[in-house]
Amino acid sequence: MAIDFVTDTVNLTIEGRVATVEMNRPESLNSLNVEMIKGLVSVMKEVSNTEEVDIVVLKGSGRAFSSGGDIKTMLLEANESDFPVVMDAINELVVTLYSMPKLTISAVKGAAAGLGFSLALATDYIVADKESKLAMNFIGIGLIPDGGSHFFLESKLGEDKAKQLIWEGKPMLAEEAYKKGLVHEVAEGNLEEALNKKIQLWLNSPVQAMIKTKKILADKNRPLLLKVLELEKIGQAQMRRTADHKEGIDAFIQKRKPIFKGK
């Protein structure tokens, strides 16, 4: 297997028919910088084309799944001209993850926030540790969700509930997310045990029939997902120029509560 973009921020292991893709920036709770996003795109595309793999697991190293986009590298240090490139990489990753001809599982522990939560929503199944916290918290820094979250949340919750969840931006424990229909399973005990149980169930199932159902629905919905991703890219660029976003970033860095003025 030849990976086009090799990086230490993404680990890939393949055992039999199962590929495990691990986000590997534990010191930052696996926050997604440009290097990791590009690495994930490259690995996911390669795994997608690997015939012997039927199941892909997405997880995070260390204490968290992913705390979301790396605010310092993605929002402060990046040149404005780099922003469309970053968004295009995010969009390519989401489309690849959503439509790949494999069954995909997110194993969530610790934080799954912002873009990290978006990536989990792009997979077919989410199993979460009962102590994990999930948050669509872009609003806290004056931004809108990206990574296709408008598409995924509307499909799971309906338009009205999706808006309320996005606007509130509150963290949810796994059980609350499960009750809302955002998580498929809360691990009663060990997360790895619950994950392995699900994997074995799928390995003993007619996987190709399951994948065909996935592909039919993904192909049907792909035009809408692409439209939403483009709208998120345009909208996020606009939000990055607002005073509220600057205030949100300043407050985050200074570890204080932001004072938004609707500008």
Efficiency of FRET from Cβ geometry, GLU185 and PHE252, R₀ 25 Å, rounded to 0.05:
0.20
With N set to the residue count of the stretch 85-133, report its C-alpha Rg divided by 2.2 N^0.38 Å to two decimal places.
1.20
The stretch 16-114 - convex hull of the alpha-carbon atoms, volume per residue in Å³
87
Using a ≥ b ≥ c from the Cα gyration tensor of the stretch 147-208 (square roots of the eigenvalues), is it rounded, prolate or oblate, where a/c under 1.5 gives rounded and otherwise the larger of a/b and b/c decides, a/b for prolate?
oblate
DSSP beta bridges in the chain [antiparallel fraction, %, rounded to 5]:
25
Which order do peptides 145-151, 62-68 fall in by mean Cβ count within 10 Å, highest first?
145-151, 62-68
What span do the alpha-carbon atoms of the stretch 2-74 cover on each of the three principal axes, reported in whole Å from largest to smallest?
38, 24, 15
First compute the accessible area of the stretch 199-263 with a 1.4 Å probe, then give the percent of it belonging to carbon and sulfur atoms.
62
A student applying the Cα gyration tensor rule (rounded when a/c is under 1.5; otherwise prolate if a/b is larger than b/c, oblate if not) would label the chain prolate
Gyration tensor on Cα atoms of the stretch 159-263, a ≥ b ≥ c root eigenvalues, a/c under 1.5 rounded, else prolate if a/b beats b/c, else oblate, says oblate
Given that compact globular proteins tend to follow 2.2 N^0.38 Å, what is the ratio of the alpha-carbon Rg of the stretch 41-177 to that value?
1.04
Using the structure shown, select from LYS179/LYS263; LYS163/LYS233; LYS179/LYS255 the pairs with a Cα to Cα distance greater than 27 angstrom.
LYS179/LYS263; LYS179/LYS255
Compute the helix-to-body angle for 34-48: its Cα long axis versus the longest principal axis of the chain, expressed 0 to 90° and rounded to tens.
20
Please work out how many pairs of lysine residues in the stretch 1-159 are eight or more positions apart (or on different chains) and have Cα atoms closer than 29 angstrom.
28
At R0 = 35 Å, how high is the FRET efficiency between LYS163 and THR13 if r is their beta carbon distance? Nearest 0.05 is fine.
0.35
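The values are calculated or read from the model by the stated rules, or taken from the named source; none is laboratory data. Since the structure is predicted, the reported quantities are computational estimates derived from the model, not experimental observations. Neighbour counts are summed over all protein chains in view; Cβ atoms, including those assigned to glycine, are modelled from backbone coordinates with ideal geometry. Side chains are part of the model used for accessible areas, which takes the heavy atoms of the whole protein and leaves out ligands, DNA and RNA. Shrake-Rupley method; radii C 1.70, N 1.55, O 1.52, S 1.80 Å.
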